[in-house]
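Shown next, in structure tokens, is the structure this report addresses.
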Amino acid sequence: MSVYNDIAPSRQIKRSTTQKRRRLNEVSFQQEQFISPINDRYTILLKDGVTTATIYPIISPDTIPLGLLQFLCDEYNMEIERGETLPFFDPFTLDEFVTYWFDQSFVAIMCLGNSPLTNDDEEEDMRQWENECLGTFYIKPNHPGQRCSHICTGEFLVNAGIRGKGIGRTLTDCFMKWAPKLGYNYTILNMVFETNAAARKLWESLNFKRIGKIKNSVYVKNSELPIDSIIYGKDLIDKTINESSSYRFDKIKYYLETGKYPETADRQEKARLRAGAVHYSLENGKLMLKGKEVIGDPDEQFRICLNIHRNNGHLGINKTTTQIADNYHWPRIKETVGSVIRECETCKENEGNQDNNNKRQKRSNNDVHNNPQEHQISEHVQAVISEVQEAHLEGYKQTYAEVAASGLINYPSKGTYHSLVNEEDIDPDIIRPRVRTYKR
């Protein structure tokens with residue numbers, strides 16, 4: 001890929017890494033850094049089924065290579081220069097970018113491989129981040145103050161050299177997994193330009209809802225008139241369930257293990273807990289329901305579905321759900337299986353091959369209909385042709401519909417032909433049409 005340099009003069013000026021790091025450490029944040037509940041990296045296989053990539057949770061810019069920060073700054077400035085997706089006119093300096101991207105934010109960065117990110121100066125000189133870094137996103141409060149602290153917003157940046165490869169969807173999936181762990185249950189994407197078709201298509205495919213539109217809100221590059229922007233919103237926690245199944249199962253397990261109620265439980269919750277716990281049991285430290293292991297962790301649910309789907313020949317949603325339900329229990333297993341199958345590359349490839357086969361079969365059928373000279377004419381149809389010729393010579397003339405019907409071979413019994421032929425005259429392999437004539 002080509003890395004944008006014209007608007008990143010700091011990348012052209014040769015300064016020592018130590019000097020850069022010292023200046024970066026001078027950047028002050030308005031909010032004290034929080035302790036993240038997310039410490040584990042999120043490692044996945046890319047679409048090719050071979051390449052490994054990892055999304056790293058980042059709390060502070062001091063913990064990652066300076067060269068990686070500079071690359072992300074250059075990518076962001078390149079997007080600003082395009083003038084089609086971001087509200088800024090002027091590019092950021094490295095310090096400005098770090099302050100904007102990391103202030104009050106939980107940041108995630110996606111890179112090839114699964115080696116830990118370090119800020120070792122000697123090691124980072126050997127890294128080519130334009131080839132290794134795939135993208136990044138941040139999660140931060142959408143509003144100041146505690147009254148709306150359950151609502152977050154986010155921003156996504158994908159390496160310009162690899163767009164269209166599904167990286168944006170992977171980053172968004174991770175965003176929706178990690179945001180609830182940070183205490184958010186709703187997210188708002190405030191200004192998605194109406195001309196940003198790729199982003200709108202992605203988020204609408206992930207069931208983000210249009211919750212508003214700002215008329216004439218932004219001027220994009222090379223446009224004299226302002227365009228609209230869309231506000232998207234999405235529930236990060238299913239509101240049809242009063243509490244997460246994982247939390248509910250944890251409380252039941254705690255009650256069975258200790259015989260005590262959670263400290264925060266009120267009288268109604270204690271009653272529900274006693275009634276619900278009757279149906280569960282503990283076996284070797286595992287919560288069981290009617291002989292099935294109860295799985296509360298969504299990540300573990302996904303892994304179980306993925307393994308069973310892959311190891312049993314990529315069966316469909318119903319058969320895979322049945323196999324899982326024989327040994328495991330959690331709410332809405334079928335929905336989890338559906339998510340796994342939609343993301344399965346093998347199933348996508350098989351579906352594509354089936355679509356191609358259907359298209360070839362359709363073309364073959366069209367070729368047969370478009371080339372009637374290739375039809376094999378049965379002796380019965382040949383007899384009809386002779387009858388038509390004889391009737392014509394004797395002064396009789398057939399109606400157009402009857403002659404057309406008499407030339408059909410193995411055609412479905414509907415339309416005009418069906419009205420002319422009795423059911424007892426129809427053979428599944430051949431047609432015995434009859435010809436009616438009228439006097440001229």
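Laboratory data are not the source of any read-out in this text; all were calculated from the coordinates shown. If you're wondering where the values come from, they're calculated on a predicted model, not measured in any experiment. Don't worry about glycine lacking a Cβ; one is built from the backbone with ideal geometry, like all the others, and counts go over all protein chains shown.
Of note:
- Across the options N284, G259, A271, the greatest Cα extent toward the positive end of the charge dipole of the stretch 243-287 (unit charges at beta carbon of Lys, Arg, Asp, Glu) belongs to A271.
- Packing-based ranking, highest mean first, of 310-323, 98-111 given that Cβ atoms within 10 Å are counted: 98-111, 310-323
- A full extension of the chain between I237 and N39 corresponds to an added length of 69.2 nm, given 0.36 nm per residue minus the alpha carbon distance.
- In nm, spacing of pseudo-spin labels at R310 and T322 (7 Å Cα→C-beta vector): 2.4
- Principal axis analysis of the Cα atoms in the stretch 295-347 yields extents of 27, 19, 16 Å, listed in decreasing size.
- The label point for E257 and the one for S205, both projected 7 Å from the Cα toward the Cβ, are 4.1 nm apart.
- Amide H partners (placed H, <5 Å) of H329, local residues excluded: E293, V294, I295
- Stretchable slack from D48 to T93, in nm (0.36 nm times residue separation minus alpha-carbon distance): 12.6 nm
- Between E84 and E194, the modelled labels are 1.7 nm apart [label points 7 Å from Cα along Cα→Cβ].
- Over 24 Å apart at the Cα level, from the set K201/K319; K286/K348; K140/K177; K213/K234, are K201/K319; K286/K348.
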